[in-house]
Amino acid sequence: MPGRIGGQANLSGRTLEIASAADIMLRPGEVILTFDDGPREGKTSAILDTLDKHGVKATFLMLGSAAKANPQLARSVADRGHTIGSHTYNHVDLTTLTRQQAMDEIVRGEIAVSDALAGAGQGLSPFFRFPYLSQTSYLRTSLSQSDMVVLDVDIDSKDYYKDPAWVVAERTLAQLEQRGSGIILFHDIHQRTVDLLPAFLDELAAGGYKVVRLVPGKSGIFGRSMITAQAPSPAAGF
């Protein structure tokens, strides 16, 4: 674990280009900040302001439905230099669907986020996270074969629990101290996440951590094989 070096330390770390999940190799003291389920009015903008203040970049895994409802907010995330991936259209547990339905849901989410980002400083990256982290080997393999990078989670803040902000922050920091590095999961749809983030980032700086920025090794969704809505046979099953 990094030594404490004072709260005014520079939190910004290196930029890591990845073309597959295997490329995400963090050094001790490195973290990746990720935010799922947005963008949401009144929450995402406040989180962007906090990230700007601390000079760090995050990865936002957006729902297609949320990006479609808030396209200006989605473009603001991109324009402020953050990486954007997708998280399905409606946050469905994909393991409850047929293979075809699951692939359709993933594709629909990708298209909606990409459309919302039209005209932004950067487009959709080929990064994806499964809702509820619920997946099958078939779906994961299908995404990998389409050159999509599935982002896993090392440290789940559980900011969706109805705990005070300080409890969420302490729980997350405790997990990080135990692991020493990792991908942290937050959600930019909860006020408690907005509230905890400034002090949480201050604690990261005080602990000597560095926030790594993820960027695609290939240039967005058009630099790879696009997922097709037509899944291979058999069409049903998990």
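The values are calculated or read from the model by the stated rules, or taken from the named source; none is laboratory data. This structure is a prediction, so every number in the text was calculated from the model and none was measured. A quick note on method: Cβ atoms are made from the backbone with ideal geometry, for glycine too, and the neighbour counts reach across all protein chains shown. To get the accessible areas, we keep the full protein, side chains included, count just its heavy atoms, and leave off ligands, DNA and RNA. Shrake-Rupley method; radii C 1.70, N 1.55, O 1.52, S 1.80 Å.
Quick notes on this one:
- Qualifying residue in segment 139-158 (condition: under 18 Å from THR34 (Cβ atoms), open to solvent by 20 Å² or more (accessible area, probe 1.4 Å) and assigned to a helix (DSSP H, G or I)): yes
- For segment 17-39, a residue qualifies if it is of a type in the set (Ser, Thr, Tyr) and at pLDDT 95 or above, and exactly one does: THR34.
- Considered as a group, the residues in segment 167-203 that are in contact with a strand residue (DSSP E or B) (Cβ under 7 Å, 6 or more places away or on another chain) and over 30 Å from ASN70 (Cα atoms) include one that is least open to solvent (accessible area, probe 1.4 Å), and that residue is LEU176.
- Exclusive hit being β-branched (Val, Ile, Thr) and touching a residue at least 60 places away in the same chain (Cβ under 8 Å), set VAL150, VAL113, VAL77: VAL150
- Test: residue in segment 69-82 that is part of a loop (DSSP other than H, G, I, E, B), in contact with a Leu (Cβ under 7 Å, 6 or more places away or on another chain) and surrounded by fewer than 18 Cβ atoms within 10 Å (Cβ to Cβ): yes
- Subset of segment 53-68 (residues that are surrounded by 20 or more Cβ atoms within 10 Å (Cβ to Cβ) and hydroxyl-bearing (Ser, Thr, Tyr)): THR59
- Unmet criterion (only one of (1) of a type in the set (S, T, N, Q); (2) within 28 Å of ALA199 (Cα to Cα); (3) not in a helix (DSSP H, G or I)) for THR88: (2)
- Residue count, segment 41-52 (criterion: of a type in the set (Ser, Thr, Tyr), open to solvent by less than 40 Å² (accessible area, probe 1.4 Å) and more than 12 Å from ASP202 (Cα to Cα)): 1
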